[in-house]
Structure formats: structure tokens, C-alpha cells
1. Output yes when any residue across the stretch 188-197 is buried (at least 17 other Cβ atoms within 10 Å of the Cβ) and either touching a His at 6+ places or on another chain (Cβ under 8 Å) or in a loop (DSSP other than H, G, I, E, B) (or both), and no when none is.
2. Kindly check whether there is at least one residue in the stretch 156-174 that is surrounded by 17 or more Cβ atoms within 10 Å (Cβ to Cβ), of a type in the set (Ser, Thr, Tyr) and in a helix (DSSP H, G or I).
3. If I ask for residues that are in a loop (DSSP other than H, G, I, E, B), at pLDDT 90 or above and touching a helix residue (DSSP H, G or I) at 6+ places or on another chain (Cβ under 7 Å), which ones from the stretch 198-231 would you list?
4. Are any residues in the stretch 48-85 in a helix (DSSP H, G or I), among the basic types (Lys, Arg) and free of Cβ contacts under 8 Å to residues at least 40 places away in the same chain, and if so, which ones?
5. Against the condition touching a Lys or Arg at 6+ places or on another chain (Cβ under 7 Å) and not polar (S, T, N, Q), how does Val165 come out, does it pass?
6. Within the stretch 96-109, is even one residue in contact (Cβ under 8 Å) with a residue 60 or more places away in the chain, crowded, with 17+ Cβ neighbours inside 10 Å and assigned to a helix (DSSP H, G or I)?
7. Scan Leu62, Leu16, Leu5, Leu54 and give me the residue that is surrounded by 13 or more Cβ atoms within 10 Å (Cβ to Cβ), hydrophobic (A, V, I, L, M, F, W, C) and modelled with pLDDT under 70.
8. Specify which of the listed residues (Ser177, Ser167) is of a type in the set (Ser, Thr, Tyr), at negative phi and without any contact (Cβ under 8 Å) to a residue 60 or more places away in the chain.
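The values are calculated or read from the model by the stated rules, or taken from the named source; none is laboratory data. Source: prediction; values computed, not measured. Quick reminder, even Gly has a Cβ in these numbers, built from the backbone with ideal geometry, and neighbours come from all protein chains shown.
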Amino acid sequence: MENYLDAPSDEAVLVLVARGIGRVQRIAKSAKSHGIRVDVKAPADWDDRGWDRLVGEEFRRLSRKADATAVAAIRAHAGNQPATIASQVASVCAAAPSVATITAEQVEDVIEGHGKASGFAIADAIAERKPSDALVALRGALEAGEAPLALVGAITFRSRQLLRVRSGAGPKDAGMSPNQHRRIKALVGAFNPGELAWCHDRLAELDLELKGSDLPDDVLLEVAVIELATSREVGAPFNPLATN
């Protein structure tokens with residue numbers, strides 16, 4: 001790598017991603033002198049608007065225009081991973097050079113997915129209240145080598161869509177197409193009062209468990225997915241109408 005940095009080739013592009021440059025000062029200096037350095041400050045995990053802005057800024061950095069559905073699609077595929085977001089935005093832009101405004105359609109045509117098909121298969125089974133289907137999809141995803149946190153990201157993204165639609169958000173405000181909005185709206189009715197808020201809280205708990213628990217990731221995921229996909233009556237504070 002250092003040899004390449006000393007004499008870069010136009011026939012090969014090297015992309016370096018680092019959380020910090022404290023221990024790689026020489027490499028960072030050489031990379032900056034021969035190429036472009038982009039500093040990305042990741043928003044907090046809960047900051048949806050911050051992550052949307054980050055995706056939008058990545059499109060603008062490449063002098064491209066993207067609508068809300070494209071931003072939502074990139075987030076669905078890349079999760080909260082700045083490097084993956086940058087890579088996928090670049091891939092979409094390169095594949096659609098003549099498109100004036102990039103939409104979810106172009107994103108879906110290009111991106112194979114970072115926890116995409118399997119992540120949303122799990123999320124859809126949860127939304128349809130089918131624990132056995134969700135568990136089968138989860139095991140298939142893990143066997144295929146999907147990253148646990150990427151799967152949680154896909155499930156969380158779908159959960160937030162359900163919450164937005166239940167609160168009355170239209171397609172534009174929810175960041176989805178009219179057809180997808182109708183589908184999500186139909187799924188919302190399967191959840192009891194306060195249950196979506198409970199699911200969102202359970203996903204936040206799962207995220208913390210995956211980052212700090214001594215239990216295996218597959219065990220943590222299986223328990224959480226079964227709980228999320230199983231219909232339940234929830235009390236306060238998730239359901240303000242609950243008496244207990």
C-alpha cells in the first residue's frame with residue numbers, strides 16, 4: 001500500500017477508510033497529497049435526519065441530485081455505515097450518469113445490498129407477525145454471512161417506517177413511494193396500541209446487546225426476532241391508554 005501511495009497508478013483507485021489517523025500519519029499525509037481526503041462525522045444512531053443529510057451530502061459531493069426515496073433506499077441498504085453509504089452512492093451515480101434526479105428505482109437497480117434482501121425479509125416477517133418465518137429468514141441471513149448489525153439496521157429502518165405511517169405521514173414525509181406507502185400502511189394494522197413503540201425500544205436494546213453482551217450474536221438475534229414478531233399487549237409507557 002505504501003508503495004502505491006508513493007507512486008499512484010491511474011489504472012487503479014485505492015480507497016482508504018479510517019476512524020482516525022493517529023497511528024497512520026505518514027500514510028494519511030501521502031494519501032492526501034496524491035488524492036482527496038473526505039472527513040465524515042457520523043451522526044448519532046438515533047438521528048434519522050442527520051443520516052439523511054449525510055446521504056444527501058454524499059450525492060451533492062458527486063454533483064448529483066437525489067430525491068427522498070433515493071436517500072431512504074441508500075439508508076435501507078447501507079445502514080449507519082458512512083463508508084458503505086459513500087461506496088453505494090458512488091456506485092449508483094456511476095451507473096446512472098444521465099439521470100437528472102436519482103430515485104429509489106436507480107438505487108434498487110444497482111445495489112445488491114448490505115443486509116438488503118435478507119434483512120428486509122426478516123423485517124417483513126416481523127411486520128406480518130410471523131415469528132417462524134422471521135426466524136427462518138434470520139438463520140438464512142446469518143448462514144449467508146450477513147453482519148448482525150446490518151440486519152438490525154434493516155429491521156430498525158422498517159420499524160421507523162411503520163411508526164411514521166402510523167403517525168399519519170404521507171409517502172413523501174415517510175420517504176417512500178406511494179405503492180410502498182400503501183403496503184406499509186396495510187401492515188401497520190397488525191400492531192396493537194403502543195406495540196410499535198415497544199418494538200423500537202427492543203431494537204435499541206438489541207443494538208446495545210450486540211455491541212457489549214457476552215452471549216453469541218445469533219442467540220441475541222433469535223430471541224429478539226421472536227419477541228418482535230410475536231403480537232403482544234403492551235403497557236405503559238409504550239401504550240398511553242394502558243391501565244397498568
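1. Yes - at least one qualifying residue is present in the stretch 188-197.
2. Yes, the conditions are met somewhere in the stretch 156-174.
3. Thr230
4. Those that are in a helix (DSSP H, G or I), among the basic types (Lys, Arg) and free of Cβ contacts under 8 Å to residues at least 40 places away in the same chain: Arg49, Arg53, Arg60, Arg61.
5. Yes; evaluated as a whole, the condition is true for this residue.
6. Taking every residue of the stretch 96-109 in turn, at least one turns out to be in contact (Cβ under 8 Å) with a residue 60 or more places away in the chain, crowded, with 17+ Cβ neighbours inside 10 Å and assigned to a helix (DSSP H, G or I).
7. Leu5
8. From the options Ser177, Ser167, the qualifying one is Ser167.
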